[in-house]
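Before any comments, here is the structure.
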Amino acid sequence: MTILVNLIVFVMVHSVHPFHVTVCEIEHSADAKTLQVSQRMFLDDLEKTLDEIYDVRLDILHPEDANKRDSLIKDYVLKHLLLTIEGKPGKRAYVGHEIEGDVLWCYIEYYNVKKLEKIDVTNTIFFDVYDDQNTIVHVKYNGVLKSGRLTRLWPTEHFEFNKAENGR
């Protein structure tokens, strides 16, 4: 009986507190010589973060001003998602975003990336609001996929691709 009670309490406690996670996918396009970055975020977490950081009340699905919403999302994502490629900050452009259900996908492109040997991914999205925030990072280059997990205490992950993975 004690085990059953402990199990019920455990499930209740853990179901009340949400798990905060985002996913960042980075893939090299050899033809375009770009890194294509996709950042997945839950809408409720994004709304709360933008409200706190920019001191606004924002309804992402039904904004009073769509241009202001888009500008805040772009500003926030570009400040909190940075790639260092071969030891240098990459040249990038915010491509845009789209909403799928309760998730928002943001897209960024890094230009002039002919090859990829070393990349540092720093992603602090939502770290300023959620202590338990985790970000799963996937980097794909020449068919090789490498992954890592970022936290508030470890916001940067270093990935290396060896010469064989570079197609040499």
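A few points about this structure:
- Within the listed set Glu64, Glu47, Glu157, the Gaussian network model of the chain (springs between alpha-carbon atoms below 10 Å) gives the highest mean-square fluctuation for Glu64.
- Think of each Lys and Arg Cβ as +1 and each Asp and Glu Cβ as -1; about the Cα centre, that makes the dipole of region 87-142 roughly 680 debye.
- Peptides 32-44, 84-96 ranked from most to least packed by the mean count of surrounding Cβ atoms within 10 Å: 32-44, 84-96.
- Kirkwood Rh, Cα atoms: Rg over Rh of region 60-127: 1.03
- Close amide H contacts of His20 (hydrogens built in the peptide plane, cut-off under 5 Å, sequence separation of 5 or more or a different chain): Asn134.
- 0 to 90° range, to nearest 10: angle between helix 43-54 axis and the chain longest Cα axis: 80
- Rounded to 5, the percent of DSSP beta bridges in the chain classed as antiparallel: 85
- Residues Lys33 and Thr151, FRET efficiency given R0 of 35 Å [Cβ-Cβ distance, rounded to 0.05]: 0.65
- Label-to-label distance, nm, for residues given as Trp105 and Glu64 (7 Å Cα→Cβ offset): 3.1
- Estimated Rh, the chain: Kirkwood, alpha-carbon pairs, angstrom: 17.5
- Taking 24 Å as the limit for the C-alpha separation, the pairs Lys48/Lys74; Lys68/Lys146; Lys91/Lys118; Lys68/Lys118; Lys118/Lys140; Lys33/Lys140 exceed it in the case of Lys68/Lys146; Lys68/Lys118.
- Choice from Asp55, Asp70, Asp31 with maximal GNM fluctuation in the chain (Cα, 10 Å cutoff): Asp31
- Calculated mean residue ellipticity at 222 nm for the chain: -8000 deg cm²/dmol, from DSSP H runs with n ≥ 4 weighted as -39500 (n - 2.57), summed, divided by the residue count and rounded to 500.
Since every read-out is calculated from the coordinates, none of them should be taken as a lab result. Note that the structure is a prediction, hence the values are computed from the model and not measured. We place every Cβ from the backbone using ideal geometry, glycine too, and count neighbours over all the protein chains shown.
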